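Visitor: Got a structure here, written out as structure tokens. Questions coming.
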Amino acid sequence: MGALFSTLTWSAALAAAQVLAIPLVAQELPRVLVIATGGTIAGQATGGQLTGAQIVEAVPQLAEVARIEVEEFSRVGSSAITPDHWVRLSRRINEIFDTDPDLAGLIVTHGTDTLEETAYFLHLTVEDARPVVVVGSMRNSSAVSADGPANLLSGARVVLSPKAHERGVLVVLNDEIHSARDVRKMDNNRLNTFVSREWGMLGIVDADQIVFRRSPETRHTVSSDLHLLPGTTALPNVPVVADFAGNDARLLHAAHANGASAIVVQAFGGGRASPAVRDAYVEIVEAGVPVLLASRVPEGRVMGTPRGNEAGLVYAGDLSPHKARILLMLALQSPTSVAQLQRLIDRH
Ligand code: ASP
């Protein structure tokens, strides 16, 4: 009888401890905020869009690693994301970090089509060292083997990795951790579409741990020289104009006539342009509008010359045309010399 009684007592005590332990563990888990913007990760076969809360509910394993909070920012495909979204999202993230010191970090769920732009904008303007991880998916939530849930769980695990601090904004899909600066969407359909071709991913999400092997060398977040100015309501107009064989440069002239603050030319290899585009951008820089020469070739730096800078040209280095555009939009919130624009490009 004694043995039976002691067994019952012991198991009851264990059960009580387990019940008590769960709330204690749950209360001790770090807090992670998910800000939902839309995209395929929220998409449904019916064409609808899940809410951020529904995306999170689909991943019960999240509750084992963090106390997840959710904020609905927008519910749009990322082809509809605009600079106004970037500004509002960055301001909201900085406000959250300013007012919530014990938040471990945050995840932004986003469509993949312009994910790299939003991520880079945040990389330059978030004023906190805590992790901001942008995740998306290539299959919608209804698909067989949807990748969104795994990407979201990976994103949370990366946020909670102590090594994720001070590495800038990170992009996590397909078990890979990329810097917002270097990553590009390189395949229209495949799960492994996000690639940092030239510099490589920063780390990997393994089943047992988060492994980092690289850190960004350029400035970002707390070391960034770019900031959203308090008075900014709309960012400067900086279009990207693609060059092509036989271009008569009418679109470049139109961009200038339309009041561009600067223009990014997506030129050929090395930043070389067609004759008509070259003649046009010489006129444009002479009129005092900076022209940044980028390349349609995904790897290798577009190298500049001091003479080119003196003439009003800025050179993209290894920044993609669309990311160089974002940097110029931020820099030109206030008057900035071409020499300073080049320094900002080279440092970020
Ligand atoms: N197919 C895109 C995605 O993967 C749609 C978007 O970017 O919103 O999210």
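Visitor: With labels modelled as points extended 7 Å from the Cα through the Cβ direction, what inter-label distance (nm, one decimal) is found for SER337 paired with ASP248?
Guide: A separation of 4.0 nm, rounded to one decimal place.
Visitor: Just to check I understand the Karplus step: with θ = phi - 60° and J = 6.51 cos²θ - 1.76 cosθ + 1.60, what whole-Hz values come out for the range 49-57, glycine and proline as x?
Guide: With coefficients 6.51, -1.76 and 1.60, one gets 10, 5, 7, x, 4, 5, 4, 5, 4 Hz.
Visitor: Here is a follow-up. Rounded to the nearest 20 Debye, what is the dipole magnitude of the range 55-160 about its Cα centre when Lys and Arg each give +1 and Asp and Glu each give -1 at the C-beta?
Guide: Dipole about the Cα centre, nearest 20: 240 debye.
Visitor: Report, for the chain, the % of DSSP beta bridges that are antiparallel, rounded to 5.
Guide: So the antiparallel bridges amount to about 30 percent of the total.
Visitor: In a Gaussian network model over the chain where Cα atoms closer than 10 Å are linked, find which of ALA207, ALA273, ALA63 has the largest mean-square fluctuation.
Guide: ALA207
Visitor: PRO149: net charge of surrounding residues, Cβ under 12 Å, Lys/Arg +1, Asp/Glu -1, itself excluded?
Guide: -1
Visitor: What ranking do LEU173, LEU229 get, fewest neighbouring Cβ atoms within 10 angstrom at the top? Don't skip to the end; give the middle numbers.
Guide: Values: LEU173 28, LEU229 10.
Listing LEU173, LEU229 from fewest to most nearby Cβ atoms yields LEU229, LEU173.
Visitor: Picking from LEU124, GLN209, GLY304, whose Cα lies most toward the positive end of the charge dipole for the chain (charges on Cβ: Lys, Arg +1; Asp, Glu -1)?
Guide: Result: GLY304, furthest along the dipole toward the positive end.
Visitor: I need ASP84, ASP318 ordered by Cβ neighbour count within 10 Å, fewest first.
Guide: ASP84, ASP318
Visitor: Which angle between 0 and 90 degrees, to the nearest 10, do you get for helix 2-28 versus the longest principal axis of the chain when only C-alpha atoms count?
Guide: 20 degrees
Visitor: Nearest 5 percent is fine: what portion of the DSSP beta bridges confined to the range 107-187 is antiparallel? Before the final figure, lay out the partial values.
Guide: Working: 4 of 9 bridges.
Antiparallel bridges: around 45 percent, rounded to the nearest 5.
Visitor: Okay, moving on. By counting other Cβ atoms within 10 Å of each Cβ, how are LYS323, LYS185 ranked from fewest to most?
Guide: Fewest-to-most ranking of LYS323, LYS185: LYS185, LYS323.
Visitor: Please list, in chain and number order, the residues 5+ apart from GLU69 or on another chain whose amide H is under 5 Å from its amide H, with Hs placed from the backbone.
Guide: Excluding prolines and chain starts, which carry no amide H, the hits are VAL32, LEU33, VAL34.
Visitor: Let me ask you something else. Taking the Cα atoms of the chain, report the difference between the largest and smallest coordinate on each principal axis, in whole Å and largest first.
Guide: Result for the chain: principal-axis Cα extents of 100, 39, 35 Å.
Visitor: Turning to a different aspect of this structure: With +1 on each Lys and Arg Cβ and -1 on each Asp and Glu Cβ, how big is the dipole of the chain about its Cα centre, in debye rounded to the nearest 20?
Guide: That gives the chain a dipole magnitude of about 460 debye.
Visitor: Across all directions of projection, what mean area in square nanometres is found for the Cα convex hull of the range 252-331?
Guide: 4.8 nm²
Visitor: Taking amide H positions as placed in the peptide plane 1.01 Å from N, state which residues far from SER295 in sequence (5 or more) or on other chains have amide H under 5 Å from it.
Guide: Those qualifying (amide H under 5 Å, at least 5 residues apart or on another chain) are ALA267.
Visitor: Using each residue's phi in the range 86-96, evaluate 6.51 cos²θ - 1.76 cosθ + 1.60 at θ = phi - 60° and report the 3J(HN,Hα) Karplus result to the nearest Hz, with x for Gly and Pro.
Guide: 4, 4, 5, 5, 5, 4, 5, 5, 5, 5, 4
Visitor: Can you tell me which of 142-148, 281-287 comes out highest on packing, and rank the rest after it, using the mean Cβ neighbours within 10 Å?
Guide: Descending packing order for the listed peptides: 281-287, 142-148.
Visitor: Over the chain, calculate the relative contact order: mean separation of alpha carbon pairs under 8 Å at least 6 apart, over the residue count, as a percent.
Guide: 13 percent
Taken together, the values in this text are just the output of simple stated rules run on the coordinates, not laboratory data. As the structure is a computational prediction, the values presented were derived from the model and not from experiment. Don't worry about glycine lacking a Cβ; one is built from the backbone with ideal geometry, like all the others, and counts go over all protein chains shown.
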